[in-house]
Amino acid sequence: MTASPYGVHWFRRDLRVAGNPALQWNWKQHQGRVLGLFTFDAKFLARPDFSPNRFAFFLNTLRSLRDELRSLGSDLLVLDVGPRDGWSKLMAVLDNAALPKPTAVSFNRDYEPFARQRDADLEQWIPLTFGVEVHHERDHLLIEPEEILRDGKPGQFYQIYTPFSKRWFAQLPTPEIQQRIKTQAKGLASFDQRKKGPADAALFHQTWPQLFTEGVPLTDQLEHYAAENNQRVTVPIPPAGSAVALERLRTFLKSAVKAYHERRDLPAVDGTSQLSIYLKNGSLTSGQILAEMQGAGVDLSRKDGPTTFLKEIAWREFYYHILYHRADVENAAFLPRYRELVWENREDWFDAWKRGETGYPIVDAGMRQLATTGWMHNRVRMIVASFLTKDLLIDWRWGERYFMEQLLDGDLAPNNGGWQWAASTGCDPQPYFRIFNPKLQSEKFDPQGEYIRRYVPELRTCSAKQIHDPHCTGAKVSYPEPIVNHADQKERALALYRGVSE
Ligand code: FAD
């Protein structure tokens, strides 16, 4: 057994090795003797918005991370308890096996309300209880919430996207941000394996596999969870991991980003990056995206595809900042006046929406895309969210929850932001009186009905003219009649919102 000091890197939303700032710190500190750790609270599996599909993708991401770590002579331990219990458990098994404790633990910062509390607690508790140093870095966001403030004043965060994004873009060329981008651009080669000596190999290959919990080696826990979860998976799970994410980014930058501004709103075409699932887990970060774009010589002064794409990345960071500054949005409207809205919440309408049987083809196509693939195109997310809140008069939180149950990219900040935008309750939202007309949206963004035909087979025989409103255009199809009349519901929605707006 070796007594060489070693570190533990606690992975959370940074599920990759390359360009991982806190892991790099630890690796350097311990000349490559770093063990990866992931703890997840098994209680999380009982959450009402738990998604077995997303969990399957997540476990595959952990597998790929474990393989990356193994290729570097390290490994990944997985514990199925909350982090406090996890640390106690890990220290206990190390004690029982008479193995040395790590000298430092590193992690990258997370910004969700629960995560911030957890990290603040552990940052104090770990050094006090175990005498282990804690070190953290930025990773998930390119620019952190305290770094873009109006007039630089504490707490004065941007509540409107446009000035926020102007500041976000203005900071990109600064040496500080360029340094961050450079750090995240570092690949596996930055982990110098030659520094590892024979003593280290003993630590990785002989000691860690001895760590068990309930009879299962900690390095095998992953397979244990995957075996149980796989039976509950209902959609095809896309390939996971940082190499896949980087490959997908590169393909997108080569083939689709140029026309992104023209094609991103068309659900029938493959015009978006489909990177959201990788960004959520930190298989990929905004810093890496910037690095790849800069490496490809993209000119960000032009208002074309690449800039439009980066504006979406900035939207993502914007919603993270909002959640950071206003943790209450997790449960309530950002705009206090809309907390008074009295939703009708008809369960039968909600069920029809979930099943994709509202009688509105574009809405039904979107809901069926979600149920069969675990993903939905952004334009259609906006349409179905508007329909749920403003046509069916159902609380946006019901929709938000259902999306979290279904989406492979389900992520609190952008999901909450997207829902509150559509429901007009959020910061910088769609004004309440702008109510999407599903038929017009359908005609505009899926003019030939290709997207609808893909997900609503009952309408495959409809012409491009009929497909947006099959019953009114006399199509002979076995497809539900509209469950509501859009024009009537629009008036009711306006009355509902006016009641608390004026
Ligand atoms: P691209 O068009 O290629 O965009 C690139 C990246 O920018 C995305 O991967 C994503 O990280 C970010 N992005 C794009 N659009 C938005 C947006 N409107 N808001 C914030 N970030 C954006 N995104 C999630 O990642 N998780 C969610 O749970 C989620 N829920 C949503 C719910 C609603 C009601 C709405 C309207 C939007 C939601 N979005 C969510 C945002 C957006 O729909 C997805 O990020 C996008 O469709 C993912 O596909 P893509 O990777 O091909 O996006």
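For this structure, a couple of remarks:
- Taking the stretch 295-321 as the range and being near the ligand (Cβ under 8 Å from one of its atoms) and aliphatic (A, V, I, L, M) as the test, only 313 passes.
- Unique residue being surrounded by fewer than 17 Cβ atoms within 10 Å (Cβ to Cβ) and of a type in the set (A, V, I, L, M) when the list is 22, 92, 56: 92
- Verdict on residue 380 being among the hydrophobic types (A, V, I, L, M, F, W, C) and not in a loop (DSSP other than H, G, I, E, B): yes
- Set 355, 381: member being farther than 24 Å from residue 264 by Cα and modelled with pLDDT of 95 or more: 355
- Residues in the stretch 99-130 that are free of Cβ contacts under 8 Å to residues at least 12 places away in the same chain and of a type outside the set (S, T, N, Q) were compared, and the one that is surrounded by the most Cβ atoms within 10 Å (Cβ to Cβ) is 127.
- Scanning the stretch 416-429 for residues that are closer than 18 Å to residue 314 by Cβ and either among the charged types (D, E, K, R) or within 10 Å of the ligand (Cβ to nearest atom) (or both) returns 416, 417, 418, 420, 421, 428.
- Of residues in the stretch 232-248 being touching a helix residue (DSSP H, G or I) at 6+ places or on another chain (Cβ under 6 Å) and either hydrophobic (A, V, I, L, M, F, W, C) or modelled with pLDDT under 95 (or both), the one farthest from residue 371 (Cα to Cα): 245
- Qualifying positions in the stretch 362-384 - buried (at least 24 other Cβ atoms within 10 Å of the Cβ) and of a type in the set (Gly, Ala, Ser): 365, 366, 374
Residues are listed down the side, and each one gets a yes or a no for (1) at pLDDT 90 or above; (2) part of a helix (DSSP H, G or I); (3) not charged (D, E, K, R):
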residue	(1), (2), (3)
3	no, no, yes
37	yes, no, yes
61	yes, yes, yes
77	no, no, yes
87	yes, yes, yes
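- Highlighted here are the helices (runs of 4 or more DSSP H) found entirely within the stretch 232-294 that include at least 3 residues which are more than 20 Å from the chain's Cα centre (by Cα) and either surrounded by 18 or more Cβ atoms within 10 Å (Cβ to Cβ) or within 11 Å of the ligand (Cβ to nearest atom) (or both): 260-263.
- Flag: residue 227 matches the condition of being part of a helix (DSSP H, G or I), out of contact with any helix residue (DSSP H, G or I) (no Cβ under 8 Å at 6 or more places or on another chain) and among the aliphatic types (A, V, I, L, M).
- Members of the stretch 149-161 that are assigned to a helix (DSSP H, G or I) and free of Cβ contacts under 8 Å to residues at least 40 places away in the same chain: 150, 151, 152
Let's see how each residue does on (1) surrounded by fewer than 20 Cβ atoms within 10 Å (Cβ to Cβ); (2) out of contact with any Ser or Thr (no Cβ under 9 Å at 6 or more places or on another chain); (3) over 25 Å from residue 140 (Cα atoms):
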| residue | (1), (2), (3) |
| --- | --- |
| 327 | yes, yes, no |
| 340 | yes, yes, yes |
| 353 | no, yes, yes |
| 360 | no, no, yes |
| 393 | yes, yes, yes |
| 396 | no, no, yes |
| 408 | no, no, no |
| 423 | no, no, yes |
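- Residue list for the stretch 393-410, filter: more than 6 Å from the ligand (Cβ to nearest atom), at negative phi and either over 14 Å from the mean Cα position of the chain (by Cα) or among the hydrophobic types (A, V, I, L, M, F, W, C) (or both): 394, 395, 396, 397, 398, 399, 401, 402, 404, 408
- In the stretch 352-377, of all residues being not β-branched (Val, Ile, Thr) and not in a helix (DSSP H, G or I), the one that is nearest to residue 483 (Cα to Cα) corresponds to 359.
- Flag if residue 318 is farther than 20 Å from residue 160 by Cβ and aromatic (Phe, Trp, Tyr): no
- So residue 337, is it closer than 20 Å to residue 424 by Cα, more than 16 Å from the ligand (Cβ to nearest atom) and charged (D, E, K, R): yes
- Verdict on residue 413 being within 12 Å of the ligand (Cβ to nearest atom), buried (at least 19 other Cβ atoms within 10 Å of the Cβ) and farther than 30 Å from residue 60 by Cα: no
The values are calculated or read from the model by the stated rules, or taken from the named source; none is laboratory data. Please read these numbers as outputs of a predicted model, since none were measured by experiment. Because the Cβ atoms are built from the backbone with ideal geometry, glycine has one as well, and the counts that use them run over all protein chains shown.
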